[in-house]
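The values are calculated or read from the model by the stated rules, or taken from the named source; none is laboratory data. Bear in mind that the values here come from a model prediction, so they are computed numbers and not experimental data. In this analysis, Cβ positions are derived from the backbone assuming ideal geometry, glycine residues included, and neighbour counts consider all displayed protein chains. Areas reflect the complete protein model, heavy atoms only, side chains present, ligands, DNA and RNA absent. Shrake-Rupley method; radii C 1.70, N 1.55, O 1.52, S 1.80 Å.
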Amino acid sequence: MNNFIKSCLFAFLSILTLTVVAQNRTISIQSTFKDISGKPIPDGLQSVKFRLWTESTGGTLKWEETADVDVQSGVYSHLLGKVTPFNLSIFGD
């Protein structure tokens, strides 16, 4: 493959990557699930409600979504905004 074709391919992939990143309005999180005694909960799917508020106590609810997360050894990962997309204006305050 000559250098011109390599350069064109690189430019195309770069633009494609930037487009995907610009459209991917999610926040990756990872956390743990523990029972009241502090032990990890059993493996399996758990329904979780995620919420963003304007204050740590009280405040106004800005966004929420409910998702099933797969818990393994008490740990789960999730992309916030995957189920209920963010309205980016919530981050402007």
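Quick rundown of the values:
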read-out	value
Failed item in (1) at pLDDT 90 or above; (2) surrounded by 11 or more Cβ atoms within 10 Å (Cβ to Cβ); (3) of a type outside the set (Gly, Ala, Ser); (4) part of a loop (DSSP other than H, G, I, E, B), with Trp63 passing the rest	(4)
Answer residue from the stretch 22-44, given it is open to solvent by less than 60 Å² (accessible area, probe 1.4 Å) and not in a strand (DSSP E or B) and is nearest to Ile90 (Cα to Cα) among those	Thr26
Leading residue by the ranking (farthest from the chain's Cα centre (by Cα)) among those in the stretch 45-59 that are loosely packed, with under 10 Cβ neighbours inside 10 Å and among the polar types (S, T, N, Q)	Thr57
Matching residues in the stretch 77-89 - criterion: being open to solvent by less than 70 Å² (accessible area, probe 1.4 Å) and either more than 12 Å from the chain's Cα centre (by Cα) or under 10 Å from Phe50 (Cβ atoms) (or both)	His78, Leu80, Gly81, Thr84
